[in-house]
Amino acid sequence: MIGHDVDRVDGRIKVTGAAPYAADTKIPGVTYGYLVTSTVGRGQITGMDTAAALASPGVLAVYTPFNPLKLFAYVQEQNDERLPPLQDKEIRFFGQAIGFVVAETWEQARDAAGLITTTYQQQPPITEFPGRTLQKFDEVEEVVGAQTLGDITFTASYTTPFQHHCAMEPHATVATWNNDHLTVYTVSQGALLVQRRLSETLGVDPVKIHVLSPHVGGGFGGKWGNWAQVPLACAASRALGRPVKAVLTREQVFAMAGHRPMTRQTISMTCTADGKLTSIVNDGVTSRGLGGNWSESVANWTLTTYASPNIRVTKTIMPLNLGAATVMRAPGEANGSFALESAMDELAEQLGIDPVEMRLRNYATLVPNTGKPWSSKHLDECYRRGAEEFGWSRRAKQVRATVDGDWLVGTGMATATYGASRGQASIKVRLYPNGTASVSGTAADLGTGQYTVFAILAADELGIPVARVRPELGDSTSPAAANAGGSNSTCTNGPAVQVAARSVQTELITLAVTNPRSPFHGKDPASIVYRDGSVSSGGLTMSFGTLLTTCDVGGVEAIGTSPRLVDPEHGYRSFGAHFCEVRVHRLTGEPRVTRWLSVCDAGTIVNTKAARSQIQGAVVMGIGQALLEATEVDASARFTNANLASYLVPVHADVPRIDVRFLDHPDPLVSGLGAKGIGELGIVGVAGAIANAVHHATGVRVRDLPITLDKLLG
Ligand code: MOS
């Protein structure tokens, strides 16, 4: 069953509206919390007048830094807010949570929030890079081999703007207490991440916190951390003795729920006349929002992509008065690859070498910064197959050489790579008398297809149809499985599903030989064979459903654990190559992506249908990164286009047919399953491929994302 097109098992309930998302949760007596947010970007709150809000109809409570809900400091870093809300009066960013109004209805809470007046002692917020190196350190510095510079030199800087995840589902949390037990329905990329955070900040034992997050309407990194509505809803519910629902507005999501940082990379490369790199230096600069701690290691992708005897990257952090910068699909790699893939194209052109050939000449057969072998790598096959299928050999040698009516036509390509690993995961599989099985773990499905991966792998191991397996995700009471991040779900959870599905067969056989009602009672367990949903011994075969019914038991279950992979000897990555055609209007400068092919080497692909969709979605997100997406900040440090009308993401008309191919090379070292990751791989290199195609079409090299038409005119 592995490696075929399987429809999503949760598809029907999603398209019919039956899938319960956090904000859909209905609890009798629920109250509504509305966040009050700062209207300055930096300073101190000197006063808040809440009298009118408190007197407003339906209002139950108004919490502010002057009347806070008690929240303890966060302990573990989670790429989100540095401090819990309302515990101090310092303003670190525009849109910071400074109050929480709870009322009987959402409208009452929102209207009362509007009646609060806040006074500040303001300071000018810091929102830009130039001349403001406030905190500099070289986080990573690698010098491999001796300094032997080549004849050819190249230097250029590449910049990327703030971006936002723009998941369709805004951040929502519903909290309810039963004595000292908390139940919380919330958006999350991992129920255990919420449980841990709430345990820290509420001072409650994690076993008393039940987190439910069965369906998540997109995450992209923006739901890895827990933002202000999570602790506020839970703490207010505890204080009031009523359930509380809090949903961020879209503008609040932009302000306080994380963003991709602004970056600059200055790449200097030297090479021999035949294009062999002799040194690569990438000096990366990244913003860090003062609302959080996290910063992007934007230059690090340069460490592992091309062979060179000298590679050095640095990281400089610019703290800005913004909410937390956080992980966003391929954090580091999406921005990092734009710079290096553009630079490789520029250097290839300077040398008169074809861009694919340039990459093959600098192919890293060993991990460039460690010299270790790869677990598996078939990137050369991605380049060759992609070039063949795309028709790369027909590409014009000169830029601005192909014109079709009013459109200048160009093609470009780029490399994609993303780290692979296997964490520890535990999964429970249970067999039922009606012949079905459930498979459960705390994993999350953000629209990624993880439910279906669970169902396929359990069905495959149990030898029963996918339709007879019920995957259960997003519940903190399940065994601890992988959170959805770092393209880590299938490679970590998949092997654990297989282990659990094998273990439950052993449990079933034990039942068969020990239960007095069983026709196999008293037999040697070694004589019993499990196959295709049935146990057999001698001439007797019985399905597990019939056996469980005969034995009159409710089911058998097993928890299987797959350990974390520890292998200091190899480097693990997924690989791919993108090829695209871009047309740029000769008069308006409008760029349109018109053709796309991605070839991926990501080990075993469990569900080819959902995996293609993952890569296509990532390419669409990369088209946004390349051509459309940028969040603007004004002098008050406010994200000005903080809505889905003004922050442009690709729509159907912006997206061509996207062809995706998967090479069939299971990774022999990552796990018995052989699956690496695909969630983030697809966006890496997309902006570089598009920038290269734009250059090929027009002769204009744009080193500043997004590539908007104003940069292509004149
Ligand atoms: Mo994702 S950016 O790996 O949460």
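The values are calculated or read from the model by the stated rules, or taken from the named source; none is laboratory data. This structure is a prediction, so every number in the text was calculated from the model and none was measured. So basically every Cβ, Gly included, is an ideal-geometry build from the backbone, and we count neighbours across all protein chains shown.
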Tell me, please, whether a residue that is farther than 30 Å from F575 by Cα, in the same structural domain as S536 (by TED's automatic domain parsing), out of contact with any Phe, Trp or Tyr (no Cβ under 9 Å at 6 or more places or on another chain) and surrounded by fewer than 23 Cβ atoms within 10 Å (Cβ to Cβ) can be found in the stretch 438-455. no
Considering the stretch 179-192 alone, what residues qualify as being touching a Ser or Thr at 6+ places or on another chain (Cβ under 7 Å) and either within 15 Å of the ligand (Cβ to nearest atom) or not assigned by TED's automatic domain parsing to the domain that holds L232 (or both)? V187, S188, G190, A191, L192
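Residues are listed down the side, and each one gets a yes or a no for (1) under 28 Å from N293 (Cα atoms); (2) among the basic types (K, R); (3) in contact (Cβ under 8 Å) with a residue 12 or more places away in the chain; (4) within 15 Å of the ligand (Cβ to nearest atom):
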{"site": "A156", "(1), (2), (3), (4)": "no, no, yes, no"}
{"site": "T159", "(1), (2), (3), (4)": "yes, no, yes, no"}
{"site": "A175", "(1), (2), (3), (4)": "yes, no, yes, no"}
{"site": "V194", "(1), (2), (3), (4)": "yes, no, yes, yes"}
{"site": "G203", "(1), (2), (3), (4)": "yes, no, yes, no"}
Going by the conditions given, is P656 assigned to a loop (DSSP other than H, G, I, E, B), closer than 25 Å to A396 by Cα and modelled with pLDDT of 95 or more? yes
Exactly one of V230, V207 is surrounded by fewer than 19 Cβ atoms within 10 Å (Cβ to Cβ), without any contact (Cβ under 8 Å) to a residue 60 or more places away in the chain and not in a loop (DSSP other than H, G, I, E, B), and that residue is V207
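For (1) within 16 Å of the ligand (Cβ to nearest atom); (2) over 23 Å from S199 (Cβ atoms); (3) out of contact with any Pro (no Cβ under 7 Å at 6 or more places or on another chain); (4) not aliphatic (A, V, I, L, M), each residue gets a yes or a no:
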site	(1), (2), (3), (4)
R470	no, yes, yes, yes
S478	no, no, yes, yes
P495	no, yes, yes, yes
T506	no, yes, yes, yes
I509	no, yes, no, no
Unique match (being in contact (Cβ under 8 Å) with a residue 12 or more places away in the chain and either under 27 Å from P331 (Cβ atoms) or more than 16 Å from the ligand (Cβ to nearest atom) (or both)) among A401, A444: A444
Among the residues of the stretch 321-333, are any at pLDDT 95 or above and of a type in the set (D, E, K, R)? yes
Hey, which of the helices (runs of 4 or more DSSP H) in the stretch 448-553, taking only ones fully inside, have at least 2 residues that are at pLDDT 95 or above and within 22 Å of the chain's Cα centre (by Cα)? 450-462, 489-514
Of the residues G474, G533, G522, G463, which is more than 16 Å from the ligand (Cβ to nearest atom), on the phi > 0 side of the Ramachandran plot and buried (at least 17 other Cβ atoms within 10 Å of the Cβ)? G533
Note down all Cβ pairs under 8 Å where the first residue falls in the stretch 60-76 and is under 20 Å from V194 (Cβ atoms), the second is part of a strand (DSSP E or B) and not hydroxyl-bearing (S, T, Y), and they're at least six residues apart or on different chains. L69/F100; Y74/E81
Residues that are over 27 Å from R242 (Cα atoms) and not hydroxyl-bearing (S, T, Y): find the strands (runs of 3 or more DSSP E) completely inside the stretch 1-97 holding 1 or more of those. 43-49
Residue within the stretch 160-169 that is among the polar types (S, T, N, Q), under 30 Å from R701 (Cβ atoms) and modelled with pLDDT of 95 or more present: yes
Given the options A343, A307, A339, A330, name the one that is of a type in the set (G, A, S) and in contact with a Pro (Cβ under 7 Å, 6 or more places away or on another chain). A307
In the stretch 674-702, how many are crowded, with 24+ Cβ neighbours inside 10 Å and out of contact with any helix residue (DSSP H, G or I) (no Cβ under 8 Å at 6 or more places or on another chain)? 3
For the stretch 205-221, name all the residues that are within 16 Å of the ligand (Cβ to nearest atom) and not aliphatic (A, V, I, L, M). S213, G217, G218, G219, F220, G221
Check off (1) crowded, with 24+ Cβ neighbours inside 10 Å; (2) assigned by TED's automatic domain parsing to the domain that holds P355; (3) among the aliphatic types (A, V, I, L, M); (4) over 21 Å from G412 (Cα atoms) for L547 and give me the number that stays unchecked. (2)
